[in-house]
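Please read the structure below before turning to the comments.
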Amino acid sequence: MFSKSEIRDALINYPLKEIMEKATCEKRKIFGNRILIRGIVEFSNHCSKNCLYCGIRAANINVKRYEMKEEEIFEVVKKACELKIKTVVLQSGELKRKKILKLGKIVEKIKGSFSLAITLSLGDLTKDEYKYLKECGADRYLLKFETSDEKLFEKLRPNTSLKERIKNIYTLKELGYEVGSGNIIGLPGSNLDTLINDLLLIKELELDMIGVGPFIPQRDTPLKDGKSPNIDITLKFLSLVRLLNPISHIPATTSFDALHPEGRILGLKSGANVVMMDITPPKYSKNYKIYNKKTEISYYKDLAEKMRKMTEMVEKSGNKLFFDIGASLKAQNPRLIF
Ligand code: 5AD
Ligand code: SF4
């Protein structure tokens, strides 16, 4: 399969259970039942942009803005290492240049102290800034294209363009980053064709990592009354992402849990091979409301407890947590590029 019309047919007609099984089978061929774990630190919720769907957009005055101190970031990364986590994702809104330079120093310090991979998720920066952060030791970068529909992109992300976003993805590749991208499934204004084109764009970008998740309305945004996609189409989409991109690292993110109580487990049964553990201190994380998530943090007293829950969740899906750096398979074995 995989022509445009075959993808359309799969999204409309193919039984969900079968497509999930196919995706799982494809994942098992490459990764067995091993699920990689990445720790994510939402170190600042400042953002200069105004994406209509996002809870930490600049215009949202209800957000209590924060920025974690260098020592706090370092401390949380240390804790992650103690839990055998081998990749840390540092995420924030779009920051000013001064903050980017400061972050570079933190990346340098972390890389000098621990043996782990650092993934950055900081949005659109200049080529110089991407280069600087790479030289400081960053290994990977996540930059979702969000939607392949140019008009919708410009409507939902004022003063930005899809072309620019894609250009940045290629710049990151050129600079030697392992690169991740993906979309938001079911953004208001999108339709079946958008989903098909999103799948084709993901494939075309030949990504090391692919992050896809459903749109979840956030109460302080212009899209607060928008509807999330249903869990079935979301899982179908994820399964197709796996079938089209056999060797990419694909997480089952917490956004799946917002659609269904066992959303992430279902994600792990639809071809995902990665889980993300939010290791941001709860006092900050509660203010990182990109969308209205169920605050899992409050359920657990510490990271060790959270890790036990994560282990249980992964085992429930028929898999096992795997504490590996989880480098791109494309980088490790170019023969595996299809
Ligand atoms: N629903 C789902 N995902 C969202 N993001 C931002 N707002 C929402 C929302 N309302 C995602 C975007 C962004 C990432 C940090 O969070 O994909 O890239
Ligand atoms: Fe800022 Fe990213 Fe949210 Fe857009 S999606 S407002 S760039 S944090």
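The values are calculated or read from the model by the stated rules, or taken from the named source; none is laboratory data. Predicted, not measured: the structure shown is a model, and the values here were computed from it. Positions of Cβ are generated from backbone atoms using ideal geometry, with glycine treated the same way; all protein chains shown enter the neighbour counts. Only protein heavy atoms, including side chains, enter the accessible area calculation; ligands, DNA and RNA are left aside. Shrake-Rupley method; radii C 1.70, N 1.55, O 1.52, S 1.80 Å.
Between the C-alpha center of the range 71-91 and that of the range 105-140 there is a gap of 14 Å.
Across the range 89-161, the fraction of Cα-Cα pairs farther apart than 14 Å, rounded to a whole number, is 62%. FRET efficiency for the Ala59 to Thr126 pair, using the beta carbon distance and R₀ = 30 Å, is estimated at 0.80. Along the axis of the charge dipole computed for the range 4-322 (Cβ charges of +1 for Lys and Arg, -1 for Asp and Glu, origin at the Cα centre), the listed residues Val179, Leu200, Ala10 are led at the positive end by Val179.
Backbone amide hydrogens, once placed in the peptide plane, bring Asp278 within less than 5 Å of Ile40, excluding anything fewer than 5 places away on its chain. Packing, taken as the mean count of other beta carbons within 10 Å per residue, orders the peptides 301-309, 47-55, 34-42 from highest to lowest as 34-42, 47-55, 301-309.
Pairwise inverse Cα distances across the range 121-223, averaged and inverted, put the Kirkwood hydrodynamic radius at 14.3 Å. With all projection directions averaged, the alpha carbon convex hull of the range 63-113 covers 4.1 nm². Computed over the chain with a Gaussian network model linking Cα atoms closer than 10 Å, the most mobile of Ser317, Ser190, Ser113 is Ser113.
Among Tyr14, Tyr177, Tyr130, whose mean-square fluctuation peaks in a Gaussian network model of the chain (Cα, cutoff 10 Å)? The residue with the greatest mean-square fluctuation here is Tyr14. With coordinates expressed along the principal axes, the C-alpha atoms belonging to the range 183-228 extend over 35, 22, 13 Å, beginning with the largest. Of all the C-alpha pairs in the range 7-59, what % are more than 12 Å from each other? Taking all Cα-Cα pairs of the range 7-59, the fraction more than 12 Å apart is 77 percent. Less than 5 angstrom separates the built amide H of Thr87 from those of Gly39, Ala117, all sequence-distant by 5 or more or on a different chain.
Averaging over all projection directions, the Cα-based convex hull of the range 1-109 occupies 11.3 nm² in the image plane. The protection proxy used here, the mean number of other Cβ atoms lying within 10 Å of each residue, ranks peptides 62-74, 251-263 as follows, highest first: 251-263, 62-74. Listed by chain and number, the lysines whose alpha-carbon sits under 18 Å from that of Lys269, ignoring those within fewer than 8 places in the same chain, are Lys17, Lys22, Lys27, Lys29, Lys236, Lys309, Lys316, Lys320.
The aspartates and glutamates within cross-link reach of Lys173, meaning a Cα-to-Cα straight distance under 12 Å and a gap of 8 or more places when in the same chain, are Asp139, Glu206, Asp208. The largest-to-smallest principal axis extents of the Cα set in the range 254-296 are 32, 18, 14 Å. Of the peptides 235-243, 94-102, the order by per-residue mean of other Cβ atoms within 10 Å, starting with the highest, comes out as 235-243, 94-102.
Which log10 I(q)/I(0) values, to two decimals, does the range 63-190 give at q = 0.14, 0.15, 0.22 Å⁻¹ under the Debye formula with one point per Cα? For the range 63-190, the Cα-only Debye profile gives -0.67, -0.76, -1.31. The value given for the chain is a Kirkwood hydrodynamic radius of 20.0 Å, derived from the mean inverse Cα-Cα separation. Here the range 190-206 is scanned for amide nitrogen atoms under 17 Å from the site 7 Å beyond the Cα of Lys4 along Cα-to-Cβ, giving 191-205. Dividing the mean sequence gap of close Cα pairs (under 8 Å, 6+ apart) by how many residues the chain holds gives a relative contact order of 25 percent. In the context of the full set of protein chains, the range 195-320 has a per residue accessible area of 39 Å² (1.4 Å probe).
With Cα atoms defining each centre, the range 231-287 and the range 25-55 are spaced 8 Å apart in the structure. The modelled label-to-label distance for the pair Ser161/Leu200, using points 7 Å beyond Cα in the direction of Cβ, is 2.1 nm. Of the solvent-accessible surface of the chain, computed with a 1.4 Å probe over protein heavy atoms with every protein chain present, carbon and sulfur atoms account for 53 percent.
Fraction of C-alpha pairs exceeding 21 angstrom in the range 171-323: 50 percent, rounded to a whole number.
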